[in-house]
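Single-structure report; data block below.
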Amino acid sequence: MFNTQEHADLRNTVARFVDQEINPFVDEWEAAKIFPAHELFKKLGNLGLLGISKPEAFGGMGLDYSFAIAFAEELGRVHCGGIPMAIGVQTDMATPALARFGSDELRREFLAPAIAGDMVASIGVSEPGAGSDVAGLKTTARKDGGDYVINGSKMWITNGMQSDWICLLANTSEGSPHKNKSLIIVPMNTRGVQRARKIEKIGMWSSDTAQIFFDDVRVPQRYLVGQEGAGFTMQMQQFQEERMFGAAMGLKGLDNVVQATIEYTRERKAFGASLLDNQVIHFRLAELQTEIEALRALVYRTAGLYTDNPDSPEVVKLASMCKLKVGRLAREVTDSCLQYWGGMGYSWESPVSRYFRDYRLTSIGGGADEVMLGIICKLMGTLPGKRGA
Ligand SMILES: Cc1cc2nc3c(=O)[nH]c(=O)nc-3n(C[C@H](O)[C@H](O)[C@H](O)COP(=O)(O)OP(=O)(O)OC[C@H]3O[C@@H](n4cnc5c(N)ncnc54)[C@H](O)[C@@H]3O)c2cc1C
(Lines give C-alpha, C1' and ligand atoms only; values in the text may rest on other atoms or scores of the structure.)
Protein backbone atom coordinates (compact mmCIF):
# COMPACT_ATOMS: atom_id res chain seq x y z
CA MET A 1 0.00 0.00 0.00
CA PHE A 2 2.97 2.35 0.54
CA ASN A 3 4.89 1.43 -2.60
CA THR A 4 2.61 2.05 -5.57
CA GLN A 5 3.70 4.09 -8.57
CA GLU A 6 1.60 6.98 -7.20
CA HIS A 7 3.55 6.89 -3.95
CA ALA A 8 6.82 6.87 -5.89
CA ASP A 9 5.68 9.87 -7.97
CA LEU A 10 4.74 11.80 -4.85
CA ARG A 11 8.05 10.93 -3.19
CA ASN A 12 9.97 12.15 -6.26
CA THR A 13 8.09 15.44 -6.27
CA VAL A 14 8.81 16.01 -2.58
CA ALA A 15 12.45 14.97 -2.93
CA ARG A 16 12.96 17.42 -5.82
CA PHE A 17 11.27 20.19 -3.85
CA VAL A 18 13.43 19.55 -0.78
CA ASP A 19 16.63 19.47 -2.82
CA GLN A 20 15.83 22.65 -4.75
CA GLU A 21 13.73 24.82 -2.43
CA ILE A 22 14.72 23.83 1.10
CA ASN A 23 18.17 22.29 1.52
CA PRO A 24 20.12 25.11 -0.17
CA PHE A 25 18.67 27.53 2.43
CA VAL A 26 18.71 25.46 5.60
CA ASP A 27 21.99 26.85 6.96
CA GLU A 28 20.79 30.42 6.39
CA TRP A 29 17.43 29.75 8.12
CA GLU A 30 19.09 27.92 11.00
CA ALA A 31 21.38 30.92 11.57
CA ALA A 32 18.42 33.33 11.36
CA LYS A 33 16.49 31.09 13.80
CA ILE A 34 13.40 31.41 11.64
CA PHE A 35 12.39 30.44 8.10
CA PRO A 36 10.09 32.32 5.69
CA ALA A 37 6.95 30.27 6.34
CA HIS A 38 4.61 32.19 4.03
CA GLU A 39 7.01 32.04 1.09
CA LEU A 40 7.85 28.36 1.53
CA PHE A 41 4.30 27.23 2.27
CA LYS A 42 2.99 29.02 -0.82
CA LYS A 43 5.42 27.02 -2.97
CA LEU A 44 4.36 23.79 -1.25
CA GLY A 45 0.71 24.78 -1.62
CA ASN A 46 1.16 25.38 -5.34
CA LEU A 47 2.24 21.74 -5.68
CA GLY A 48 -0.72 20.55 -3.60
CA LEU A 49 1.60 19.20 -0.91
CA LEU A 50 -0.10 20.87 2.06
CA GLY A 51 -3.36 18.99 1.60
CA ILE A 52 -2.43 15.47 0.57
CA SER A 53 -5.03 13.70 2.71
CA LYS A 54 -7.41 16.66 2.98
CA PRO A 55 -10.82 16.84 1.26
CA GLU A 56 -10.78 17.87 -2.40
CA ALA A 57 -13.67 20.27 -1.79
CA PHE A 58 -11.24 22.52 0.10
CA GLY A 59 -8.29 22.17 -2.27
CA GLY A 60 -6.83 18.95 -0.89
CA MET A 61 -5.79 15.89 -2.88
CA GLY A 62 -8.21 13.59 -1.03
CA LEU A 63 -5.65 10.76 -0.90
CA ASP A 64 -5.51 8.16 1.86
CA TYR A 65 -3.16 8.54 4.81
CA SER A 66 -0.42 6.34 3.34
CA PHE A 67 0.36 9.25 1.00
CA ALA A 68 0.72 11.66 3.93
CA ILE A 69 3.18 9.19 5.43
CA ALA A 70 5.16 9.04 2.17
CA PHE A 71 5.27 12.86 2.22
CA ALA A 72 6.45 12.91 5.85
CA GLU A 73 9.14 10.35 5.13
CA GLU A 74 10.53 12.36 2.21
CA LEU A 75 10.57 15.51 4.37
CA GLY A 76 13.21 13.61 6.37
CA ARG A 77 15.58 14.54 3.51
CA VAL A 78 15.67 18.09 4.84
CA HIS A 79 19.03 18.81 6.47
CA CYS A 80 17.50 19.77 9.82
CA GLY A 81 14.52 18.88 12.00
CA GLY A 82 12.93 22.33 12.28
CA ILE A 83 11.53 22.79 8.77
CA PRO A 84 9.86 19.35 8.55
CA MET A 85 8.33 19.98 11.97
CA ALA A 86 6.96 23.37 10.89
CA ILE A 87 5.46 21.83 7.74
CA GLY A 88 4.04 18.94 9.77
CA VAL A 89 2.29 21.40 12.08
CA GLN A 90 0.59 22.92 9.06
CA THR A 91 -0.45 19.65 7.43
CA ASP A 92 -0.97 17.12 10.20
CA MET A 93 -1.06 18.79 13.60
CA ALA A 94 -3.11 22.02 13.36
CA THR A 95 -5.52 20.99 10.61
CA PRO A 96 -6.79 17.37 11.02
CA ALA A 97 -9.66 18.26 13.41
CA LEU A 98 -10.69 21.28 11.34
CA ALA A 99 -10.71 19.13 8.19
CA ARG A 100 -12.77 16.39 9.80
CA PHE A 101 -15.14 18.25 12.11
CA GLY A 102 -15.18 21.92 11.00
CA SER A 103 -18.23 23.45 9.34
CA ASP A 104 -17.98 24.10 5.61
CA GLU A 105 -17.89 27.83 6.29
CA LEU A 106 -14.96 27.42 8.72
CA ARG A 107 -13.13 25.12 6.34
CA ARG A 108 -13.52 27.60 3.49
CA GLU A 109 -12.23 30.42 5.67
CA PHE A 110 -9.25 28.68 7.32
CA LEU A 111 -8.57 25.20 5.92
CA ALA A 112 -8.62 26.05 2.22
CA PRO A 113 -6.07 28.89 2.59
CA ALA A 114 -3.86 26.66 4.78
CA ILE A 115 -3.91 23.99 2.06
CA ALA A 116 -3.19 26.59 -0.63
CA GLY A 117 -0.27 27.96 1.40
CA ASP A 118 -1.88 31.38 1.80
CA MET A 119 -2.20 31.06 5.57
CA VAL A 120 0.22 29.64 8.13
CA ALA A 121 -1.36 27.57 10.90
CA SER A 122 -0.36 26.72 14.45
CA ILE A 123 -1.74 24.45 17.15
CA GLY A 124 -2.26 25.76 20.69
CA VAL A 125 -2.55 23.05 23.30
CA SER A 126 0.40 23.44 25.70
CA GLU A 127 0.50 26.15 28.34
CA PRO A 128 3.11 27.35 30.84
CA GLY A 129 1.40 25.23 33.53
CA ALA A 130 0.10 22.30 31.45
CA GLY A 131 1.95 20.28 28.83
CA SER A 132 1.77 16.55 29.45
CA ASP A 133 -1.40 17.05 31.46
CA VAL A 134 -3.57 18.44 28.65
CA ALA A 135 -6.72 18.14 30.76
CA GLY A 136 -5.19 20.62 33.23
CA LEU A 137 -4.97 23.56 30.84
CA LYS A 138 -6.31 26.89 32.10
CA THR A 139 -7.12 29.05 29.05
CA THR A 140 -10.83 29.90 28.97
CA ALA A 141 -13.27 30.84 26.22
CA ARG A 142 -16.40 32.31 27.74
CA LYS A 143 -19.56 32.98 25.70
CA ASP A 144 -20.63 36.59 25.40
CA GLY A 145 -23.37 37.52 22.93
CA GLY A 146 -22.43 35.75 19.70
CA ASP A 147 -18.74 35.60 20.58
CA TYR A 148 -16.22 33.68 22.64
CA VAL A 149 -14.00 35.83 24.83
CA ILE A 150 -10.65 34.12 25.32
CA ASN A 151 -8.19 34.62 28.18
CA GLY A 152 -5.03 32.72 28.98
CA SER A 153 -1.70 31.84 27.44
CA LYS A 154 -0.15 29.17 25.24
CA MET A 155 3.46 28.01 25.36
CA TRP A 156 5.85 26.38 22.88
CA ILE A 157 3.77 27.24 19.84
CA THR A 158 5.51 26.10 16.64
CA ASN A 159 5.06 28.62 13.78
CA GLY A 160 3.70 30.92 16.50
CA MET A 161 5.67 34.00 15.45
CA GLN A 162 4.37 33.74 11.89
CA SER A 163 1.03 31.99 11.95
CA ASP A 164 -2.19 33.55 10.65
CA TRP A 165 -4.38 31.41 12.88
CA ILE A 166 -4.13 29.06 15.80
CA CYS A 167 -6.29 26.02 16.50
CA LEU A 168 -6.77 26.67 20.19
CA LEU A 169 -7.83 24.22 22.89
CA ALA A 170 -9.63 26.11 25.66
CA ASN A 171 -12.07 25.48 28.50
CA THR A 172 -15.54 26.54 27.42
CA SER A 173 -17.29 25.48 30.65
CA GLU A 174 -16.72 24.21 34.18
CA GLY A 175 -16.96 20.53 34.96
CA SER A 176 -15.16 17.38 33.86
CA PRO A 177 -11.79 18.35 32.32
CA HIS A 178 -12.34 15.87 29.48
CA LYS A 179 -15.75 17.29 28.56
CA ASN A 180 -15.36 21.04 29.12
CA LYS A 181 -12.91 21.84 26.33
CA SER A 182 -13.40 23.04 22.78
CA LEU A 183 -11.23 23.65 19.74
CA ILE A 184 -11.59 27.19 18.40
CA ILE A 185 -9.88 28.79 15.42
CA VAL A 186 -8.43 32.13 16.45
CA PRO A 187 -7.01 34.51 13.82
CA MET A 188 -3.70 35.77 15.16
CA ASN A 189 -4.41 39.36 14.13
CA THR A 190 -7.40 39.55 16.49
CA ARG A 191 -7.17 42.30 19.10
CA GLY A 192 -5.77 40.98 22.39
CA VAL A 193 -3.53 38.28 20.86
CA GLN A 194 0.06 38.98 21.80
CA ARG A 195 3.04 37.02 20.49
CA ALA A 196 5.00 37.60 23.68
CA ARG A 197 8.38 36.13 22.74
CA LYS A 198 10.28 33.78 20.49
CA ILE A 199 11.69 31.03 22.70
CA GLU A 200 15.41 30.18 22.37
CA LYS A 201 15.98 26.43 22.09
CA ILE A 202 18.89 23.97 21.97
CA GLY A 203 17.79 22.75 18.54
CA MET A 204 15.14 23.07 15.83
CA TRP A 205 16.52 26.56 15.29
CA SER A 206 14.91 27.31 11.94
CA SER A 207 11.48 26.66 13.46
CA ASP A 208 10.09 29.59 15.44
CA THR A 209 8.53 28.71 18.81
CA ALA A 210 6.37 31.31 20.56
CA GLN A 211 4.71 32.07 23.84
CA ILE A 212 1.35 33.70 23.17
CA PHE A 213 -1.01 35.64 25.45
CA PHE A 214 -4.77 36.00 24.96
CA ASP A 215 -6.28 38.99 26.69
CA ASP A 216 -10.05 39.35 26.20
CA VAL A 217 -9.73 38.04 22.64
CA ARG A 218 -13.13 38.09 20.97
CA VAL A 219 -13.94 35.67 18.12
CA PRO A 220 -17.36 34.69 16.74
CA GLN A 221 -18.81 31.44 18.08
CA ARG A 222 -18.93 30.10 14.54
CA TYR A 223 -15.12 29.68 14.82
CA LEU A 224 -15.78 26.64 17.04
CA VAL A 225 -14.57 23.36 15.48
CA GLY A 226 -17.19 20.60 15.77
CA GLN A 227 -19.19 20.27 18.99
CA GLU A 228 -18.63 22.45 22.02
CA GLY A 229 -17.19 20.32 24.83
CA ALA A 230 -15.72 17.75 22.41
CA GLY A 231 -12.37 19.55 22.11
CA PHE A 232 -10.37 17.21 24.33
CA THR A 233 -11.55 14.16 22.39
CA MET A 234 -10.93 15.82 19.00
CA GLN A 235 -7.46 16.88 20.11
CA MET A 236 -6.66 13.31 21.20
CA GLN A 237 -7.73 12.14 17.72
CA GLN A 238 -5.68 14.91 16.12
CA PHE A 239 -2.66 13.73 18.11
CA GLN A 240 -2.77 10.37 16.29
CA GLU A 241 -1.89 12.00 12.97
CA GLU A 242 0.73 14.15 14.69
CA ARG A 243 2.37 11.08 16.20
CA MET A 244 2.37 8.95 13.05
CA PHE A 245 3.54 11.87 10.95
CA GLY A 246 6.30 12.74 13.44
CA ALA A 247 7.55 9.16 13.47
CA ALA A 248 7.54 8.98 9.65
CA MET A 249 9.45 12.27 9.42
CA GLY A 250 12.20 10.84 11.60
CA LEU A 251 12.85 7.77 9.45
CA LYS A 252 14.82 9.27 6.60
CA GLY A 253 16.60 11.73 8.87
CA LEU A 254 17.85 8.78 10.91
CA ASP A 255 18.78 6.87 7.73
CA ASN A 256 20.83 9.90 6.74
CA VAL A 257 22.61 10.12 10.08
CA VAL A 258 23.64 6.46 9.80
CA GLN A 259 24.67 6.88 6.15
CA ALA A 260 26.69 10.03 6.84
CA THR A 261 28.40 8.20 9.70
CA ILE A 262 29.27 5.28 7.44
CA GLU A 263 30.83 7.68 4.95
CA TYR A 264 32.71 9.65 7.60
CA THR A 265 34.09 6.61 9.41
CA ARG A 266 35.06 4.95 6.13
CA GLU A 267 37.23 7.97 5.23
CA ARG A 268 38.58 8.62 8.70
CA LYS A 269 41.69 6.60 9.51
CA ALA A 270 43.00 5.66 12.93
CA PHE A 271 45.58 3.04 13.88
CA GLY A 272 46.23 2.35 10.18
CA ALA A 273 42.66 1.48 9.20
CA SER A 274 39.28 3.06 8.55
CA LEU A 275 37.28 3.65 11.71
CA LEU A 276 34.45 1.77 10.00
CA ASP A 277 36.57 -1.38 9.89
CA ASN A 278 36.26 -1.71 13.66
CA GLN A 279 33.63 -4.34 14.22
CA VAL A 280 32.19 -2.45 17.15
CA ILE A 281 31.36 0.40 14.76
CA HIS A 282 30.02 -1.42 11.69
CA PHE A 283 28.04 -3.82 13.87
CA ARG A 284 26.55 -0.95 15.84
CA LEU A 285 25.55 0.91 12.65
CA ALA A 286 23.96 -2.28 11.31
CA GLU A 287 22.02 -2.67 14.53
CA LEU A 288 20.77 0.91 14.39
CA GLN A 289 19.74 0.57 10.74
CA THR A 290 17.81 -2.57 11.67
CA GLU A 291 15.97 -0.65 14.39
CA ILE A 292 15.10 2.11 11.90
CA GLU A 293 13.66 -0.49 9.50
CA ALA A 294 11.62 -1.99 12.35
CA LEU A 295 10.22 1.45 13.15
CA ARG A 296 9.44 1.97 9.45
CA ALA A 297 7.41 -1.26 9.45
CA LEU A 298 5.54 -0.16 12.58
CA VAL A 299 4.75 3.24 11.06
CA TYR A 300 3.43 1.63 7.86
CA ARG A 301 1.33 -0.85 9.82
CA THR A 302 -0.15 1.90 12.00
CA ALA A 303 -0.91 4.20 9.07
CA GLY A 304 -2.47 1.27 7.19
CA LEU A 305 -4.84 0.57 10.10
CA TYR A 306 -5.58 4.29 10.45
CA THR A 307 -6.53 4.46 6.79
CA ASP A 308 -9.04 1.62 7.33
CA ASN A 309 -10.43 2.80 10.68
CA PRO A 310 -9.23 6.14 12.08
CA ASP A 311 -11.13 5.64 15.36
CA SER A 312 -9.77 2.20 16.25
CA PRO A 313 -8.20 2.02 19.76
CA GLU A 314 -5.54 -0.18 18.15
CA VAL A 315 -4.45 2.87 16.13
CA VAL A 316 -4.10 4.89 19.34
CA LYS A 317 -1.91 2.18 20.87
CA LEU A 318 0.24 1.74 17.75
CA ALA A 319 0.57 5.49 17.09
CA SER A 320 1.76 5.92 20.69
CA MET A 321 4.26 3.11 20.12
CA CYS A 322 5.49 4.86 16.94
CA LYS A 323 5.96 8.10 18.87
CA LEU A 324 7.70 6.37 21.77
CA LYS A 325 9.98 4.37 19.50
CA VAL A 326 11.00 7.28 17.28
CA GLY A 327 11.87 9.34 20.36
CA ARG A 328 13.97 6.59 21.91
CA LEU A 329 15.61 5.65 18.62
CA ALA A 330 16.36 9.24 17.61
CA ARG A 331 18.31 9.65 20.82
CA GLU A 332 20.10 6.34 20.41
CA VAL A 333 21.04 6.86 16.76
CA THR A 334 22.22 10.45 17.08
CA ASP A 335 24.15 9.79 20.29
CA SER A 336 25.86 6.63 18.98
CA CYS A 337 26.71 8.21 15.65
CA LEU A 338 27.99 11.44 17.17
CA GLN A 339 30.42 9.33 19.19
CA TYR A 340 31.97 7.90 16.01
CA TRP A 341 32.60 11.38 14.62
CA GLY A 342 34.86 12.12 17.60
CA GLY A 343 35.69 15.81 18.06
CA MET A 344 34.02 16.59 14.73
CA GLY A 345 30.79 15.24 16.16
CA TYR A 346 31.01 17.68 19.01
CA SER A 347 31.48 20.67 16.68
CA TRP A 348 28.59 22.86 15.55
CA GLU A 349 29.36 22.41 11.89
CA SER A 350 28.98 18.64 11.71
CA PRO A 351 25.62 17.43 10.40
CA VAL A 352 25.40 14.83 13.16
CA SER A 353 25.51 17.44 15.92
CA ARG A 354 22.53 19.29 14.41
CA TYR A 355 20.48 16.08 14.37
CA PHE A 356 21.63 15.32 17.92
CA ARG A 357 20.20 18.69 19.06
CA ASP A 358 17.12 18.74 16.84
CA TYR A 359 15.96 15.18 17.40
CA ARG A 360 16.27 15.43 21.19
CA LEU A 361 12.86 17.07 21.05
CA THR A 362 11.27 13.89 19.72
CA SER A 363 11.04 12.33 23.19
CA ILE A 364 9.39 15.48 24.61
CA GLY A 365 7.19 17.33 22.07
CA GLY A 366 3.74 16.07 21.09
CA GLY A 367 3.54 13.90 24.22
CA ALA A 368 6.64 12.85 26.18
CA ASP A 369 7.86 9.23 26.19
CA GLU A 370 6.33 8.68 29.63
CA VAL A 371 2.93 9.92 28.42
CA MET A 372 3.14 7.46 25.49
CA LEU A 373 3.99 4.65 27.92
CA GLY A 374 0.95 5.60 29.99
CA ILE A 375 -1.35 5.38 26.94
CA ILE A 376 0.17 2.07 25.83
CA CYS A 377 -0.22 0.62 29.34
CA LYS A 378 -3.82 1.81 29.52
CA LEU A 379 -4.60 0.07 26.24
CA MET A 380 -2.68 -3.04 27.34
CA GLY A 381 -4.80 -3.08 30.50
CA THR A 382 -1.76 -2.85 32.78
CA LEU A 383 -2.26 0.61 34.24
CA PRO A 384 -3.13 0.32 37.94
CA GLY A 385 -6.61 1.62 38.78
CA LYS A 386 -7.20 4.44 41.21
CA ARG A 387 -6.06 3.17 44.60
CA GLY A 388 -8.57 3.22 47.43
CA ALA A 389 -11.45 3.83 45.00
C1 LIG B 1 10.28 22.99 20.29
C2 LIG B 1 8.92 22.67 20.81
C3 LIG B 1 7.82 22.81 19.98
C4 LIG B 1 6.53 22.56 20.47
N5 LIG B 1 5.44 22.83 19.68
C6 LIG B 1 4.20 22.81 20.24
C7 LIG B 1 3.07 23.29 19.51
O8 LIG B 1 3.17 23.71 18.35
N9 LIG B 1 1.85 23.31 20.14
C10 LIG B 1 1.69 22.85 21.41
O11 LIG B 1 0.57 22.87 21.91
N12 LIG B 1 2.74 22.37 22.12
C13 LIG B 1 3.99 22.37 21.57
N14 LIG B 1 5.07 21.93 22.29
C15 LIG B 1 4.87 21.49 23.67
C16 LIG B 1 5.11 20.01 23.91
O17 LIG B 1 4.08 19.25 23.37
C18 LIG B 1 5.28 19.84 25.43
O19 LIG B 1 6.55 20.38 25.75
C20 LIG B 1 5.17 18.40 25.87
O21 LIG B 1 3.87 17.92 25.73
C22 LIG B 1 5.62 18.22 27.32
O23 LIG B 1 4.95 19.13 28.16
P24 LIG B 1 5.80 20.03 29.19
O25 LIG B 1 6.92 20.67 28.43
O26 LIG B 1 4.87 20.93 29.88
O27 LIG B 1 6.44 19.01 30.19
P28 LIG B 1 5.81 18.53 31.57
O29 LIG B 1 4.39 18.20 31.41
O30 LIG B 1 6.19 19.51 32.62
O31 LIG B 1 6.61 17.18 31.79
C32 LIG B 1 8.02 17.20 32.05
C33 LIG B 1 8.54 15.80 31.96
O34 LIG B 1 7.95 15.03 32.99
C35 LIG B 1 7.84 13.69 32.59
N36 LIG B 1 6.44 13.27 32.73
C37 LIG B 1 5.33 13.92 32.37
N38 LIG B 1 4.22 13.21 32.65
C39 LIG B 1 4.64 12.07 33.23
C40 LIG B 1 4.00 10.90 33.72
N41 LIG B 1 2.68 10.78 33.69
N42 LIG B 1 4.77 9.91 34.24
C43 LIG B 1 6.11 10.03 34.27
N44 LIG B 1 6.78 11.09 33.79
C45 LIG B 1 6.05 12.10 33.28
C46 LIG B 1 8.28 13.62 31.12
O47 LIG B 1 9.61 13.15 31.08
C48 LIG B 1 8.22 15.06 30.68
O49 LIG B 1 9.15 15.34 29.64
C50 LIG B 1 6.37 22.12 21.79
C51 LIG B 1 7.49 21.94 22.62
C52 LIG B 1 8.74 22.23 22.16
C53 LIG B 1 9.90 22.10 23.10
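The values are calculated or read from the model by the stated rules, or taken from the named source; none is laboratory data. Predicted model only: the values in this text are computed from it and were never measured. Glycine also receives a Cβ, built like all others from the backbone with ideal geometry; neighbour counts cover every protein chain displayed. What goes into the accessible areas is simple: the full protein's heavy atoms, side chains included, and nothing from ligands, DNA or RNA. Shrake-Rupley method; radii C 1.70, N 1.55, O 1.52, S 1.80 Å.
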Test Gly246 against the criterion of being crowded, with 21+ Cβ neighbours inside 10 Å and among the small types (Gly, Ala, Ser), and give yes or no.
-> yes
Residues within region 325-344 that are closer than 24 Å to Gly374 by Cα and either out of contact with any helix residue (DSSP H, G or I) (no Cβ under 8 Å at 6 or more places or on another chain) or open to solvent by 40 Å² or more (accessible area, probe 1.4 Å) (or both), tallied | 4
Which residues, counting only those in region 136-145, are surrounded by fewer than 17 Cβ atoms within 10 Å (Cβ to Cβ) and in contact with a Lys or Arg (Cβ under 8 Å, 6 or more places away or on another chain)?
-> Asp144
Residue check: is Pro310 within 16 Å of the ligand (Cβ to nearest atom) and surrounded by fewer than 21 Cβ atoms within 10 Å (Cβ to Cβ)?
-> no
Kindly provide the set of residues from region 84-108 that are farther than 17 Å from Ser53 by Cβ and either in a strand (DSSP E or B) or in contact (Cβ under 8 Å) with a residue 60 or more places away in the chain (or both), ordered by number.
-> Met85, Ala86, Ser103, Glu105, Leu106
Among residues belonging to region 183-225 that are within 14 Å of the ligand (Cβ to nearest atom) and among the charged types (D, E, K, R), point out the one that is least open to solvent (accessible area, probe 1.4 Å).
-> Asp208
Those residues of region 127-163 which are under 27 Å from His38 (Cβ atoms), of a type in the set (Val, Ile, Thr) and within 12 Å of the ligand (Cβ to nearest atom) amount to Thr139, Ile157, Thr158
Which of the residues belonging to region 45-68 are within 18 Å of Leu98 (Cβ to Cβ) and part of a helix (DSSP H, G or I)?
-> Gly45, Glu56, Ala57, Phe58, Tyr65, Ala68
When the residues of region 337-375 are filtered to those that are in contact with a Leu (Cβ under 6 Å, 6 or more places away or on another chain) and under 16 Å from Arg268 (Cβ atoms), which remaining residue is nearest to the ligand (Cβ to nearest atom)?
-> Val352
In region 350-389, which residue that is of a type in the set (Ser, Thr, Tyr) and surrounded by 14 or more Cβ atoms within 10 Å (Cβ to Cβ) is farthest from Ala260 (Cα to Cα)?
-> Ser363
Going through region 2-16 one residue at a time, which ones are surrounded by 12 or more Cβ atoms within 10 Å (Cβ to Cβ) and either touching an Asp or Glu at 6+ places or on another chain (Cβ under 9 Å) or assigned to a loop (DSSP other than H, G, I, E, B) (or both)?
-> Phe2, Thr4, Leu10, Arg11, Thr13, Val14, Ala15
Please specify each residue of region 270-286 satisfying the condition of being exposed (fewer than 14 other Cβ atoms within 10 Å of the Cβ) and either among the small types (Gly, Ala, Ser) or not in a helix (DSSP H, G or I) (or both).
-> Ala270, Phe271, Gly272, Ala273, Ala286
Result of the Cβ filter at 6 Å on region 363-386, keeping first residues that are touching a residue at least 40 places away in the same chain (Cβ under 8 Å) and partners that are open to solvent by 80 Å² or more (accessible area, probe 1.4 Å) and near the ligand (Cβ under 8 Å from one of its atoms), at least 6 apart or interchain, is Ala368/Ser132; Val371/Ser132
Looking at (1) open to solvent by 10 Å² or more (accessible area, probe 1.4 Å); (2) assigned to a loop (DSSP other than H, G, I, E, B), find the lone condition where Gly160 falls short.
-> (1)
Tell me, please, whether a residue that is over 19 Å from the mean Cα position of the chain (by Cα) and β-branched (Val, Ile, Thr) can be found in region 310-329.
-> no
